[in-house]
Structures are given as structure tokens and as C-alpha cells.
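One structure is given here, and the rest of the page talks about it.
The values are calculated or read from the model by the stated rules, or taken from the named source; none is laboratory data. Since this is a predicted model, take the numbers as computed values, not measurements. As a convention, Cβ positions derive from the backbone with ideal geometry for all residues, glycine included, and neighbour counts pool all protein chains shown.
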């Protein structure tokens, strides 16, 4: 007996896949056009960079360079419980998609934590040093995220070709600029030049414009990799149970390419120190490592009329390190 879908699950089925007859076909030359746009737009800056230097471009680095450049330069990544819960939850969700039996969220979290702790990277070392109380907190918060996923997402049939934590990568200028990322969840596949794949990012917290930019960046890299763009992009907010889809068009990809060109040029300018970093105050200033010496940030925070809660990038349950 097939279990009935609850309304949240049915909405995902209806809004993500859509009608096959409405799927668009794209020009086979689109991938080459996008690569040309990126390389021509960054050629002058890359020419100044010199040999044996590489600029790595991820969604988090793009978001940072288009925000406060001073924070971009000084915001060294460090693991913490709020950031780690995203890593653990994503691993557990990855396991849930391929689990043969009905998944139990905390069982998935325990398996995810064990696998991640047995690795040989910095996250494994950080986990190995956790106190019992911190480990319990991490387990509880990751378990909450996984429960939200299993409650609101339908079982994903094999015919949907579900894949999790999918790494994508493209190199420009013979590897001097590398675009890379990791997509939380992909569904479907193209049919030749007809779009059919859906890219999904799992989030918590408030809906933010940068989340759409993140997925457009992924769509750009995927199009260059595969030749056929994704059909649709979607940010899914686990704590709200809401889906925010966007269809992929040439205009979406052109916009993403322009944002990457601008971001890469800014990264190289700051790398070469041809100008000082621009300071752009926001609610994120309160967590900035150079706030004490930044008059722009401290002044902006002091002038605020209220003390509304502001989303913190470090609390987003996505791969900030990718």
C-alpha cells in the first residue's frame, strides 16, 4: 500500500517536476557562449594576476565579495555547532534519499555523524574534539532538520534520478579561475537539449535574495558542464516548509554570468591590492571579525532604530565551506 502524501509533499511533486510538454529546448551553442562571456569579461584581470595563481569561486565567496569586501578579506572560516549542524543534516538527508527502509531521523543523524567523524579532514578533527554536551546539541539540532525534511518531502522514486551532494566544477583560463560548488539535491535529467533536471538547495531561516543567486550560479556551472541548462531551480526552507522555484532561462544564465564576471574581477583586484576593500554595512556587521576597528560598521549598528533579529550567514544550513 502506497502512503498518501501530505499537502506539503504533494506541493513539491506538483511544483518541481511540472508538465513534460512544457519543458524548453536550448541552443547547443549556449554553453560556449556562456564560457566566452566569462572568459572575455575576466581576461584583463586574469592577465594581471600572474602565473601559478588560482581564484576559486564558490557561491559563498561570490556572496561575500558582493557584500562587504572588508569582511570578505577577514572572515576566516571556523567550525561551530550552528555551522556543523548543516553539514551533519545534509549528510543524513543524503543517506535518507537512498535508505531502503522508512528512515528514522536520529538513526540517520547518528550514522552521518559517525561517518563524518571517521574522515581525515578538518571537520572530522573538529568533531573528534567535541565535548559530550556539544555533541548532544549537534545531534539534536541536526535531527530537527532531518525530521523537517522527512516530514515535508515525498519519497523520491528512482525514476526521478535523485542525487545528493553533487559536486560541480568548471575551469576558466586554463584553470586560473575555478568555479565550483556542491548541489544539495538534483532530480531528473535532460533529454538531449530539452531541460529536465531540477537543482534544489535546502535552507533554514528567512528567504533572502542571495539564495536565488546561489542557485543561478549552480545553473550556470551545470550548463557549462552538461550543455543543457537545468529545467528549474528551487530553494526549500525546511523550518517553513516552503518551496521557492524559478524556471531557468537564457536571461537567468546571462545574469548569473555577469555576476560571476563582476565578482571575479573584484576578487582579483583585492588579491593584487590595487584598491582598498569597500565596506558595506549590514546586520552581519555584528559578527564581523574587524568590527572593533570599523567605524562604518559600528556607526551603522549604532544608528539602527530597533534591534530586529538579522539572519546570520554562519547559521544557514548550507555548505558555506564549498
(message) Here's a check for you: in segment 202-213, which residue that is part of a loop (DSSP other than H, G, I, E, B) and touching a residue at least 60 places away in the same chain (Cβ under 8 Å) is surrounded by the fewest Cβ atoms within 10 Å (Cβ to Cβ)?
(response) 206
(request) Being free of Cβ contacts under 8 Å to residues at least 24 places away in the same chain and closer than 17 Å to residue 182 by Cα is the filter here, so list the residues in segment 85-99 that pass it. (result) 95
(message) Being closer than 20 Å to residue 78 by Cα, in contact with a helix residue (DSSP H, G or I) (Cβ under 7 Å, 6 or more places away or on another chain), at pLDDT 75 or above and assigned to a helix (DSSP H, G or I) is the filter here; which residues of segment 274-322 pass it?
(response) 284, 285, 286, 287, 291
(message) Every residue in segment 170-183 that is crowded, with 22+ Cβ neighbours inside 10 Å and either modelled with pLDDT under 95 or under 28 Å from residue 85 (Cα atoms) (or both), please.
(response) 179, 181, 183
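Given the residues 243, 199, which is the only one that is part of a strand (DSSP E or B), at pLDDT below 95, in contact with a helix residue (DSSP H, G or I) (Cβ under 7 Å, 6 or more places away or on another chain) and more than 17 Å from residue 30 (Cα to Cα)?
Working: 199 fails: at pLDDT below 95.
Answer to the check: 243.
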(message) Of everything in segment 41-59, what is within 23 Å of residue 229 (Cβ to Cβ), over 20 Å from the mean Cα position of the chain (by Cα) and surrounded by 20 or more Cβ atoms within 10 Å (Cβ to Cβ)? Give them in sequence order.
(response) 42
(request) Output the number of the condition that residue 15 fails; it satisfies all remaining conditions of (1) in contact (Cβ under 8 Å) with a residue 40 or more places away in the chain; (2) in contact with a helix residue (DSSP H, G or I) (Cβ under 8 Å, 6 or more places away or on another chain); (3) in a helix (DSSP H, G or I); (4) surrounded by fewer than 19 Cβ atoms within 10 Å (Cβ to Cβ). (result) (2)
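Residues checked against (1) closer than 28 Å to residue 252 by Cα; (2) touching a strand residue (DSSP E or B) at 6+ places or on another chain (Cβ under 6 Å); (3) touching a residue at least 12 places away in the same chain (Cβ under 8 Å); (4) surrounded by fewer than 18 Cβ atoms within 10 Å (Cβ to Cβ):
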residue: 35; (1), (2), (3), (4): yes, no, yes, yes
residue: 39; (1), (2), (3), (4): yes, yes, yes, yes
residue: 61; (1), (2), (3), (4): yes, no, yes, no
residue: 72; (1), (2), (3), (4): yes, no, yes, no
residue: 75; (1), (2), (3), (4): no, no, yes, no
residue: 83; (1), (2), (3), (4): no, no, yes, no
residue: 109; (1), (2), (3), (4): no, no, yes, no
residue: 115; (1), (2), (3), (4): no, no, yes, yes
residue: 122; (1), (2), (3), (4): no, no, yes, yes
(request) Note down all Cβ pairs under 8 Å where the first residue falls in segment 166-177 and is touching a residue at least 24 places away in the same chain (Cβ under 8 Å), the second is exposed (fewer than 13 other Cβ atoms within 10 Å of the Cβ) and in a loop (DSSP other than H, G, I, E, B), and they're at least six residues apart or on different chains. (result) 175/54; 176/53; 176/54; 177/54
(message) Which numbered condition in (1) surrounded by fewer than 16 Cβ atoms within 10 Å (Cβ to Cβ); (2) in a helix (DSSP H, G or I); (3) modelled with pLDDT under 90 is the only one that residue 1 fails?
(response) (2)
